[in-house]
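The values are calculated or read from the model by the stated rules, or taken from the named source; none is laboratory data. Here the structure is a predicted model, which is why all the values come from computation and not from measurement. So basically every Cβ, Gly included, is an ideal-geometry build from the backbone, and we count neighbours across all protein chains shown. Note: accessible area is taken over every heavy atom of the protein model, side chains too, but ligands, DNA and RNA are not part of it. Shrake-Rupley method; radii C 1.70, N 1.55, O 1.52, S 1.80 Å.
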Amino acid sequence: MHAKVLLVIITIVCFCTATGAKEEIRRERPGTLFNPSKIPLLEDPGRDVWQKPDEILKALDIKRGQVVADIGAGPGYLTAKLSECVGESGIVYAVDIQQEMIDYARKNLLDRGLKNVVLVLGDMDDPKLSPEKMDVIVLLSTYHEIAKTVEYVKKLRAALKPHGKLAILEFTDESPIGPPLKFRLPEDIVIHEVRQAGFTLLQKHTFLLPYQYFLVFTPSTS
C-alpha cells in the first residue's frame, strides 16, 4: 500500500515538473509591439474602470513640478494623466519607438491643450533620456516588449534621480485581457531582471489592479 501511495506521489510531482517546464518553454521574448491600428482599444473610456490610472499615480505619489517619463507611451493614455498630475511646472517625457504612436500622441495632447509633454522617439535599446533627470519612470504594459531588458533598465536607472522610482505594470497570467499568454512575464522574472540592473524592490501593490501586477523599484545604493 505504501509503495502504491509513493508511486502516485512521484507521478504527480513528475507531471507538475513537466508542466512547469512547458510553461517556461512557451514564453516568447520580446513580445510583439502593439499595433497602432488598434489604438482605439488603448483609448477606450471604459479602460479607466480596470486600469485605475488615478490610483496608480496616487500610489506613486507623483507631485506637481516633478519630471516623469512614460515608456511605451503609445497614443498618450497615461501621458495625458501624468501631464495633468505634474502640472505646468512639471515635465512628462513620452517615449515610444513607433513614429505612428508619437504622431498620434502629439495630436492627442495638443487637442487637450497639454503643453508640458516632450515626445521622444526612442529605439528598442535606448529610451534616449537625459541622465539623473527623472523623479519617476513608468512602464505600463511595456516591459514584455523589450528585448534586452537588463541593459535597457540600466539606462532607465541612469536617467533616474538617486531616489527616483521605477514602476512596472504587466498583465498577470490569470488576466482575461492583455497580450497573448506566451508574451506575458511572471513577476518574479521581472523582479530578478530589474534587480540585476541595479534596483531594489520598494513596493508591490498586489491588490490595487484586477488584471496587472504593479511593482515599484528604486536605485540600489550599493
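Could you give the Stokes-Einstein D for region 91-207 in µm² per second, using the C-alpha Kirkwood radius, 10 °C, 1.306 mPa s?
Translational D for this selection: 103 µm²/s.
Could you pull out every one of the lysines with an alpha carbon less than 18 Å from that of Lys52, ignoring same-chain neighbours closer than 8 positions?
Of all the lysines, those that pass the test against Lys52 - Cα under 18 Å, at least 8 places apart if same chain - are Lys63, Lys81, Lys204.
Measure nothing but the geometry: give the 0 to 90° angle between the long axis through the Cα atoms of 2-25 and the longest principal axis through the Cα atoms of the chain, rounded to 10°.
With rounding to tens, the tilt is 30 degrees.
Using only Cα atoms, what is the ratio of the radius of gyration of the chain to 2.2 N^0.38 Å?
The reported ratio for this selection is 1.13.
With a 1.4 Å probe and all protein chains kept in place, how much accessible area does Thr32 have, in Å² rounded to the nearest 10?
Accessible area of Thr32: about 90 Å².
Sort region 33-95 into rounded, prolate or oblate with this rule: let a ≥ b ≥ c be the square roots of the eigenvalues of the Cα gyration tensor; rounded if a/c is under 1.5, and if a/c is not under 1.5, prolate when a/b is larger than b/c, oblate otherwise.
Oblate, since a/c reaches 1.5 and b/c is not below a/b.
Along the Cα-to-C-beta direction of Ala158, a point sits 7 Å from the Cα; which residues of region 103-127 have their amide N less than 11 Å from that point?
Taking a point 7 Å out along Cα→Cβ of Ala158, the residues of region 103-127 whose backbone N falls under 11 Å are 126-127.
Which lysines have a Cα less than 21 Å from the Cα of Lys128, not counting those fewer than 8 places away in the same chain?
Straight-line reach from Lys128, under 21 Å: Lys115, Lys148, Lys154, Lys155, Lys161, Lys165.
With n ≥ 4 as the cut-off for DSSP H runs, can you work out [θ] at 222 nm for the chain, using -39500 (n - 2.57) per run divided by the number of residues, rounded to the nearest 500?
Helix contribution divided over all residues of the chain: -11500 deg cm²/dmol.
So what is the accessible area of region 86-222 per residue, in Å², with the probe set to 1.4 Å?
For region 86-222, the solvent-accessible area averages 48 Å² per residue.
Roughly how many debye, to the nearest 20, is the charge dipole of the chain about its Cα centre, given +1 on each Lys and Arg Cβ, -1 on each Asp and Glu Cβ, and no other charges?
That gives a dipole near 340 debye.
Excluding Leu160 itself, calculate the net charge of residues whose Cβ lies under 13 Å from the Cβ of Leu160, where each Lys or Arg counts +1 and each Asp or Glu counts -1.
Summing Lys and Arg as +1 and Asp and Glu as -1 gives +4.
Can you tell which of Thr149, Ala167, Phe199 lies farthest toward the positive end of the dipole of the chain, using +1 and -1 charges on the Cβ of basic and acidic side chains (Lys, Arg; Asp, Glu)?
In the chain, that residue is Phe199.
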